[in-house]
Amino acid sequence: MATTDRERAAAIARLYDLDLAEEPGDVELYLALAQRTGGPILELAVGSGRIAVPLAAAGHRVVGVDLDPAMLDRAGARAAREGVRLELIEGDLIAAASLAPVAAAGPYNLAIIALNSILLVPTADGQRAALAAMAGLLVPGGLAVVDTWLATPADLSALDGRLSLEWLRTDPETGREVTKYLSAWHDPVRRLVTLTQIFEEGDPGGPTVRWTRQYPMRQVTVDELVSYATEAGLEIERLGGDYDLRPLDAASDRLVLVARKPG
Ligand SMILES: C[S@@+](CC[C@H](N)C(=O)[O-])C[C@H]1O[C@@H](n2cnc3c(N)ncnc32)[C@H](O)[C@@H]1O
């Protein structure tokens, strides 16, 4: 029987969580920033609630926006399991300020775009609009945080489309074995890295089901992200090189930008 789009989206969302079974290590940073700012908190590209749920469990009001209803379903289920409330809104983060329930729950003391999600906005104009949306939704004195991978030229030139085995895991939700393969290539003209993720799952010795997902990540430089923030009227508070907010330096493969709305 053919798989419906909805089943496919649910499987991909479940496998997103399996992929992140090894936590990136960013939740403590957001908890510390939230303790400083208080809520309400807006997470754009909230995904399956990996960050939003701990923030809500710490007592903050959290609003999450995402394009993908399957990811929002998982965020809602995660919140229910933890006994906390999230306000989850389906929509494009670029247009967050014009989503009525997002505006109604604001303005926000903290706005977050975590874990490379800014790169999923595939154009420079869209990325600029994302920072503008954050700035527009913050209270004076509120913080915007954007966390992104910084690829070096050597990283990018190594992305030649070759397929590599990423991991083999057992999904605790289904008990099935899952193998993840990854292929990436870089288009230097459009500054796009196209990622193809292939997940194969099944019982040992049994038939496997394959789920494929492909998406572009528009690479952003430090200067670009800083200019998006300052054009949006934000003041740069910190350019962190990792989740402990150590200063960004030439060896950093990640930028955690913390910017403040004046006032
Ligand atoms: C890498 S996941 C991050 C999820 C979550 N913030 C985390 O750290 O686990 C990226 C999420 O961004 C969402 N997304 C991508 N483009 C978006 C857009 N333009 N507007 C809203 N959500 C978007 C995807 O659906 C996905 O859930």
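Across the stretch 31-52, what is the total count of residues that are more than 10 Å from the ligand (Cβ to nearest atom), surrounded by 18 or more Cβ atoms within 10 Å (Cβ to Cβ) and under 20 Å from P101 (Cα atoms)? It would help to see each step written out before you state the result.
First pass over the stretch 31-52, keeping only residues more than 10 Å from the ligand (Cβ to nearest atom): 31-42.
Still in the list and also surrounded by 18 or more Cβ atoms within 10 Å (Cβ to Cβ): 33-34, 37, 39-42.
Still in the list and also under 20 Å from P101 (Cα atoms): 39-42.
Residues meeting the conditions: 4.
Return the residue satisfying two criteria in turn: it lies in the stretch 54-87 and is within 10 Å of the ligand (Cβ to nearest atom) and outside any strand (DSSP E or B), and of such residues it is surrounded by the most Cβ atoms within 10 Å (Cβ to Cβ).
First, the residues of the stretch 54-87 that are within 10 Å of the ligand (Cβ to nearest atom): 64-72, 74-75.
Next, only the ones that are outside any strand (DSSP E or B) stay: 67-72, 74-75.
Numbers: L67: 13, D68: 18, P69: 14, A70: 20, M71: 24, L72: 22, R74: 21, A75: 26.
Among those residues, the one meeting the criterion is A75.
Which of the residues spanning the stretch 130-186 are within 15 Å of the ligand (Cβ to nearest atom) and within 18 Å of the chain's Cα centre (by Cα)? Correct list: A130, L131, A132, A133, M134, A144, V145, V146, D147, T148, W149. Take the stretch 99-118 and flag every residue that is over 20 Å from R50 (Cβ atoms) and either among the aromatic types (F, W, Y) or surrounded by fewer than 21 Cβ atoms within 10 Å (Cβ to Cβ) (or both). L99, A100, P101, A103, A104, A105, G106, P107, listed by residue number. Of the set (1) without any contact (Cβ under 8 Å) to a residue 60 or more places away in the chain; (2) more than 21 Å from I113 (Cα to Cα), all apply to W211 but (1). Taken over the stretch 100-128, the criterion of being within 10 Å of the ligand (Cβ to nearest atom), aliphatic (A, V, I, L, M) and not in a strand (DSSP E or B) is satisfied by A114, L115, I118, L119, L120, V121.
Are any residues in the stretch 140-161 crowded, with 16+ Cβ neighbours inside 10 Å and touching a Phe, Trp or Tyr at 6+ places or on another chain (Cβ under 8 Å), and if so, which ones? Answer for the stretch 140-161, where residues must be crowded, with 16+ Cβ neighbours inside 10 Å and touching a Phe, Trp or Tyr at 6+ places or on another chain (Cβ under 8 Å): G142, V145, D147, L159.
Bear in mind these aren't lab numbers, they're just calculated from the coordinates by the rules spelled out. This structure is a prediction, so every number in the text was calculated from the model and none was measured. As a convention, Cβ positions derive from the backbone with ideal geometry for all residues, glycine included, and neighbour counts pool all protein chains shown.
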